[in-house]
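K.L.:
I have a structure I would like to understand better, so I am pasting it below and will then ask my questions one at a time.
The values are calculated or read from the model by the stated rules, or taken from the named source; none is laboratory data. Since the model is a prediction, treat every value here as computed from it, not as a measurement. Note that we place each Cβ from the backbone using ideal geometry, even for glycine, and neighbour counts take in every protein chain shown.
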Amino acid sequence: MAIDAFVVCLAVGTQPELRGRRPAFRLSFHFGLFQFLMPIMGWLAGSTLEPLIGDFDHWVAFALLAIVGGRMIHASRQKDEMSIGDPSRGWTLVVLSIAVSIDALAVGLSLGLVGISVGYPALWIGLVTAALSLLGLRIGNTAGQRLGKTVGFIGGLVLIGVGLRIVLDHLML
């Protein structure tokens, strides 16, 4: 589950706004927090929530990632220094955090249905996600400084690709 967050951090880490400790902390903290909370929410929801969201949760994740990825591609194609904004703040941060943690909701739901306690797994999911997010941001920052706007374009494509993978995983089940 943390791989989605890692890949998203690779992509958004190319943005100049994410160079520095504060944006890196905000993004990795929120990704880890959402990945920690979503299994707990799924576990608490039990079988009540699954019929309501199971048919379209993958489409929501795809749409959220495609929007942010599309904005990154658009910004990379502009001649001036247009930016998608700081993805470690505001609604973009919330959208990305939800998009990378929707699968954690399903994991929590599954754990609840089979009667397994969710606390310990949720803690590890959150910690691993936060650590991998920081690593992804570092790698993305380095690539962004070396390759410029090209990496923003590739990062946008990667986000859309992650969204497509989520949809395909659900459709192939």
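K.L.:
Is it fair to say GLY85 is buried (at least 16 other Cβ atoms within 10 Å of the Cβ) and either under 18 Å from VAL7 (Cα atoms) or at pLDDT below 75 (or both)?
P.N.:
For GLY85, the condition - buried (at least 16 other Cβ atoms within 10 Å of the Cβ) and either under 18 Å from VAL7 (Cα atoms) or at pLDDT below 75 (or both) - is not met.
K.L.:
Further question on the same structure: I want to confirm something. Restricting to the stretch 108-125 and keeping residues that are modelled with pLDDT of 80 or more and assigned to a helix (DSSP H, G or I), which single residue is surrounded by the fewest Cβ atoms within 10 Å (Cβ to Cβ)?
P.N.:
Out of the qualifying residues, it is TYR120.
K.L.:
Further question on the same structure: What about VAL167, is it in a helix (DSSP H, G or I) and touching a Phe, Trp or Tyr at 6+ places or on another chain (Cβ under 7 Å)?
P.N.:
yes
K.L.:
Residues of the stretch 9-24 being modelled with pLDDT of 80 or more, surrounded by 14 or more Cβ atoms within 10 Å (Cβ to Cβ) and farther than 8 Å from LEU137 by Cα, which ones?
P.N.:
PRO23
K.L.:
Filter the stretch 162-173 down to the residues that are in contact (Cβ under 8 Å) with a residue 40 or more places away in the chain and surrounded by fewer than 20 Cβ atoms within 10 Å (Cβ to Cβ) and list them by number.
P.N.:
LEU164, VAL167, ASP169, HIS170, LEU171
K.L.:
Taking only the stretch 126-136 into account, find how many residues are more than 12 Å from the chain's Cα centre (by Cα) and buried (at least 24 other Cβ atoms within 10 Å of the Cβ).
P.N.:
Residues meeting the conditions: 1.
K.L.:
Within the stretch 42-49, is even one residue in a helix (DSSP H, G or I), modelled with pLDDT under 85 and at positive phi?
P.N.:
Looking for residues that are in a helix (DSSP H, G or I), modelled with pLDDT under 85 and at positive phi, one finds at least one in the stretch 42-49, hence yes.
K.L.:
I'd like the residue in the stretch 91-107 that is among the small types (Gly, Ala, Ser) and modelled with pLDDT of 85 or more and, out of all such residues, is surrounded by the most Cβ atoms within 10 Å (Cβ to Cβ).
P.N.:
It comes out as SER101.
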